[in-house]
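The structure appears below as C-alpha cells.
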Amino acid sequence: MNNPPRHPETLALHAGWRADPETGSVAVPIHQTTSYQFRSPEHAANLFALKEFGNIYTRIMNPTTAVLEERLAAIEGGAAALATASGQAATAFAVQNLARAGDNIVSSTDLYGGTWNMFAHTLKDQGIEVRFVDPAEPENFRRATDAGTRAYYAETLPNPKLTVFPIAEVAAIGRPLGIPLIMDNTAAPIVCRPFDHGAAVVMYSTTKYIGGHGNSIGGAVIDGGNFDWGAHSDRQPLLNTPDPSYHGAVWSEAVKPLGPIAYIVRMRVVLLRDLGAALSPFNAFLILQGIETLPLRMERHCENTEKVAAFLATRKGVSRIIHPLYSGQAAKGRAERYLRGGYGGLVGFELAGGLEAGKRFIAALKMLYHVANIGDSRSLAIHPASTTHSQLSQAEQAATGVTEGYVRLSVGIEHIDDILADLDQAIEQAS
Ligand code: PLP
C-alpha cells in the first residue's frame, strides 16, 4: 500500500533526514568541512562530469545544507531546492539563472526595498532590464512582455501594502509564452503554496519566518519541477543552448534523467560554482532547527496578528489598519483565495499624529523590538518614514504605501495579552 503524502507539520520535522547510519544521531549533524575525500580517481572524475551525484566542495554542496534543501522542497511541494547565503542571493540567482545581458524580466512594483534596488540598479548595470508593473492589473505583465522576456517576478504578501499578489492570473499569462513566474514567498511560508497556483519557482529569505529566531541570514530557491523549460526553447536560451562553461551541456536535456530539475541544477553547478553565495553549514543547521516548528509558529503568528489588527481597529489614535482583512473586499477575496490557515504575521497601522507620533510610538515600546526585520519569533516594529523609507520623497513614500504615521509590525508568538499591553501603552504615549 502506498503511504499517503505527509503534511507540512510532519515534513518540517522529518523530510530529508533519518538518523545518521553510522552514529545513530537523530539531530542533523553539522558537516563543518570544506571538502570531501574521493573514493578513487574514477569517482572524482564521475562527480565532476555529473555522471554521479556526490559531494565535491562545500561551495557547491554540503550534507547539512542538503537536508535543509530537501526539507524546503518537500514542504513547498517542489522538486528540488538550492540554499544560498542570503535572500538577496536567492533573488539574484533566481533571475540570473534565466536572464543575461540584453534580456528582461517583468516584475511587480510591490517589492522589498532591497529587491527593488537590485532590480532597478545592480541588474540594470549588468544589462538585465527589469520592467516594473502594477500588480493590481495582471494583464500589465502581458503588456510589458516581449521576445526578450525571460521571467515574471513578484512577492506573495508584499509589505507595506500587504495586498496578496494574483499568482494564478499572472502564472497563466506566462505559461503559454514559456515565461515562468518566480514568487518570493518570504512573508507567507506554509500559509501560501505558490506552486499550487501555477508558479514555477519559489524563493525565500530564510532569514525570516523559516529560520524564525533572528540568528542566521540565509536564502533558498525552490524549483517546482512543474515547468517545461524546453517547450519554448527560444524563450529560455540559458537552459536550451550549449553551455561552454560545462562542456557544452544543454541543461534542459542533460539533466532529464535526474527529473524535472534542470533549472535548479544549473543554478547549483553554474551560478553557485561561479558566484559562490553558499550558505554556511552552521547556518543551515540553525535554519533547520527553526523549520521544525515553522508550521506551529505560523499558526500563532497569524492568530496573534489578527488579534492585534482587531485591537488596533478599535484604538483611539489609530486612523487606518493595513492587513489583508482590513483592506477592502477585493483584497480580502484575494487573500482568501491564496492564503490558507491565516493571513500572515504582518500588520501595518497609521497613527493619526503623523511623523512625530510614529517616532514617539517607537521610542515608547518596552517589549517589541525596533528593528528592520520581519518574521522573528519576537514581535518587531518599525516606523518606515523615519527609517527604511526616509531617503524617499513624500510622493515616492506614498507610491510604496508608506505615509508619515505608518508603523509596520511583525507580530511574534508571545502571549497576545503582553503584545497588546505594549502596543496600548506605546500608542497612549504617542497620542
Ligand atoms: N525578500 C523579502 C520579502 C524580504 O523581506 C527580504 C529581507 O528583508 C529579502 C527578500 C532579502 O533577504 P535577506 O535579508 O535574507 O538577504
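The values are calculated or read from the model by the stated rules, or taken from the named source; none is laboratory data. Here the structure is a predicted model, which means the values were calculated and not measured. Virtual Cβ from ideal backbone geometry, glycine too; neighbours counted across all protein chains shown. Ligands, DNA and RNA are stripped out before the accessible areas are found, and what is left, the full protein with its side chains, is counted by its heavy atoms. Shrake-Rupley method; radii C 1.70, N 1.55, O 1.52, S 1.80 Å.
Counting helices only, and only those DSSP H runs with n ≥ 4, report the 222 nm mean residue ellipticity of the chain as the sum of -39,500 (n - 2.57) divided by its residues, in deg cm²/dmol to the nearest 500. If you can, show how the numbers build up before the last one.
Working: 16 runs with 144 residues, N = 431.
My calculation for the chain gives -9500 deg cm²/dmol from helical runs alone.
If a/c stays under 1.5 just call it rounded; otherwise compare a/b with b/c (prolate if a/b is bigger, oblate if not). Do that for the range 215-260, with a ≥ b ≥ c from the square roots of the Cα gyration tensor eigenvalues. Could the numbers behind the result be given before it?
Details: a/c = 2.10, a/b = 1.62, b/c = 1.30.
It comes out prolate by the Cα gyration axes.
Can you give me the Cα centroid spacing of the range 216-257 and the range 59-122 in angstrom?
14 Å
Could you grab the relative contact order for the range 33-289? Cα pairs under 8 Å, six or more apart, rounded to a whole percent. Display every interim value, and only then the final one.
Details: 505 pairs, mean separation 61.0, N = 257.
Relative CO of the range 33-289 lands at 24 percent.
Restricting the calculation to Cα positions, tell me the Rg (one decimal) and the Dmax (whole number) of the range 33-289 in Å.
In order Rg, Dmax, the Cα atoms of the range 33-289 give 17.5, 58 Å.
Count the DSSP beta bridges whose two residues both fall in the range 179-251, then state the antiparallel fraction as a percent rounded to the nearest 5. Before the final figure, lay out each step's value.
Values: 6 of 9 bridges.
In the range 179-251, DSSP labels about 65 percent of beta bridges as antiparallel.
Determine, for each peptide in 386-395, 315-324, 414-423, the mean count of other beta carbons within 10 angstrom over its residues, then list the peptides with the highest first. Don't jump to the answer; show the numbers that get you there.
On the way: 386-395: 13.3, 315-324: 18.7, 414-423: 16.1.
Taking the mean over residues of other Cβ atoms within 10 Å, the ranking is 315-324, 414-423, 386-395.
Once phi is turned into θ = phi - 60°, what whole-Hz ³J(HN,Hα) does the Karplus curve with 6.51, -1.76 and 1.60 give for every residue of the range 52-66, x standing for Gly and Pro?
Coupling constants for the range 52-66: 9, 9, x, 7, 10, 7, 5, 4, 9, 6, 7, x, 5, 5, 5 Hz.
Kirkwood hydrodynamic radius (Cα pairs, Å) of the range 1-117?
Working: mean 1/r = 0.0572 Å⁻¹.
Over the range 1-117, the inverse of the mean reciprocal pair distance is 17.5 Å.
Got a number for carbon plus sulfur as a percent of the range 290-402's accessible area, 1.4 Å probe? Each step should come with its number before you reach the end.
Numbers: 2650 of 5110 Å².
Answer for the range 290-402 is 52 percent, counting heavy atoms of protein chains only.
Tell me, how many Å apart are the Cα centres for the range 143-195 and for the range 356-389?
The range 143-195 and the range 356-389 have Cα centres spaced 29 Å from each other.
Would you kindly calculate the translational diffusion coefficient of the range 181-299, applying Stokes-Einstein with the Kirkwood radius from alpha carbon pairs, for 20 °C and a viscosity of 1.002 mPa s, and quote it in µm² s⁻¹ without decimals? Write out the running numbers ahead of the final one.
Values: Rh = 15.8 Å.
Value of D from the Cα-based Kirkwood radius: 136 µm²/s.
List the lysines whose Cα sits under 23 Å from the Cα of K208, skipping any in the same chain fewer than 8 residues away.
Answer for K208, where 23 Å is the Cα cut-off: K161, K307, K366, listed by chain and number.
Using the Karplus equation 6.51 cos²θ - 1.76 cosθ + 1.60 (θ = phi - 60°), what ³J(HN,Hα) coupling, rounded to whole Hz, does each residue of the range 238-243 give in order, writing x for Gly and Pro?
Ordered by residue, 3J(HN,Hα) equals 5, 9, 10, 10, x, 9 Hz.
Can you give the relative contact order of the chain as a percent, counting alpha carbon pairs under 8 Å and 6+ residues apart? Don't skip to the end; give the middle numbers.
Values: 873 pairs, mean separation 69.1, N = 431.
That works out to 16 percent.
Provide the per-residue ³J(HN,Hα) series for the range 80-93, in order, calculated from phi with Karplus coefficients 6.51, -1.76, 1.60 and θ = phi - 60°, each as a whole number of Hz, with x at glycine and proline positions.
Each residue of the range 80-93 in turn: 6, 9, 10, 8, 10, 5, 7, x, 4, 5, 5, 4, 4, 5 Hz.
Name the residues whose placed amide hydrogens come within less than 5 Å of the amide hydrogen of D184, ignoring near sequence neighbours (fewer than 5 apart) on the same chain.
A154, E155, T156, M203
Need one number: % antiparallel among DSSP beta bridges in the chain, to the nearest 5. Working shown, then result.
On the way: 24 of 41 bridges.
Roughly 60 percent of the DSSP beta bridges within the chain come out antiparallel.
With the contact rule set at Cα under 8 Å and sequence spacing of 6 or more, what percent relative contact order holds for the range 41-109?
13 percent
The chain: Rg/Rh from Cα coordinates, Kirkwood Rh?
Values: Rg = 22.1 Å, Rh = 22.5 Å.
Using only Cα positions, Rg/Rh for the chain is 0.98.
Going by average Cβ density within 10 Å per residue, which order do the peptides 294-300, 60-66 take, highest to lowest? Don't skip to the end; give the middle numbers.
Values: 294-300: 19.7, 60-66: 21.4.
Final packing ranking: 60-66, 294-300.
Could you pull out every one of the aspartates and glutamates with an alpha carbon less than 13 Å from that of K256, ignoring same-chain neighbours closer than 8 positions?
Answer for K256, where 13 Å is the Cα cut-off: D228, listed by chain and number.
Quick one: plug the Kirkwood hydrodynamic radius of the range 294-430 (C-alpha pairs) into Stokes-Einstein at 4 °C, 1.567 mPa s, and report D in µm²/s.
On the way: Rh = 15.0 Å.
Result for D is 86 µm²/s.
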